[in-house]
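No lab work stands behind these numbers, since they all come straight from the coordinates. The structure presented is a predicted model; accordingly, all values stated were derived computationally and were not measured. Here Cβ is always computed from backbone atoms with ideal geometry, including for glycine, and neighbour counts include all displayed protein chains.
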Ligand code: S3P
């Protein structure tokens, strides 16, 4: 099947958007692009440093610009940042150009995954009480994530099984890689 629309993976920090997106790219042969990684490449510094040195509005501006640019293309898997869905314009672009998949993760699972020493640092949690902030952000954002075309649960599941569910749910052609 020829997929023309993009597939956008949305969801909270540590939902697995980057890992699942990469695996989905391998399974389907579709190119995978990750907005956070593109920003890091463009700015030659970490997301944490961008937040600290240039501020969140600067980061959000880049995020929106890259989403808009990516959405001029088609048949790609786009890994969004956890906050990409916050701007009205981003949600409009996502609705128009992408099949959106919400990788849903529980608060408890987010906190567990963030404790992983290999997890990237999340500037929105830096120096704060992670459980309080995760609770507040997740509660505020869930109504936006819930506007997705598809919802896939990730708690207690492997990257492989989540990617496979997306292949099946969206009727994607899997190239075995
Ligand atoms: C953010 C999530 C991060 C990154 C930035 C802001 C957010 O991406 O875009 O730190 O607002 O939730 P991940 O969802 O990949 O952690």
Sort largest first and round to whole Å: the equivalent ellipsoid semi-axes of the chain, each the square root of five times a Cα gyration tensor eigenvalue. 24, 19, 15
Can you compute the label reach from residue 5? Point 7 Å from Cα along the Cβ direction, backbone N cut-off under 17 Å, restricted to the range 155-177. 166-173
Ranked 51, 12, criterion: other C-beta atoms within 10 Å, fewest first: 51, 12
Given the rule -39500 (n - 2.57) for each run of at least 4 DSSP H residues, summed and divided by the residues of the chain, what is its mean residue ellipticity at 222 nm, to the nearest 500 deg cm²/dmol? -15500 deg cm²/dmol
Calculate, in nm to one decimal, what residue 52 and residue 37 gain on full extension: separation in residues at 0.36 nm each, minus their alpha carbon distance. 3.7 nm
Listed residues 151, 133, 110, most fluctuating in the chain (Gaussian network, C-alpha, under 10 Å): 133
With axes computed from alpha carbons, what is the tilt in degrees of helix 130-145 against the longest principal axis of the chain, rounded to the nearest 10 within 0 to 90? 40
Acute angle (nearest 10 degrees) that the helix 56-70 long axis makes with the longest principal axis of the chain, alpha-carbon atoms: 10
Could you rank the peptides 154-164, 92-102 by their average count of other C-beta atoms within 10 Å per residue, with the highest value first? 92-102, 154-164
Per-residue Cβ contact counts at 10 Å, fewest first, order 166, 39, 78 as 39, 166, 78
Arrange 54, 17 by Cβ neighbour counts within 10 Å, fewest through most, would you? 54, 17
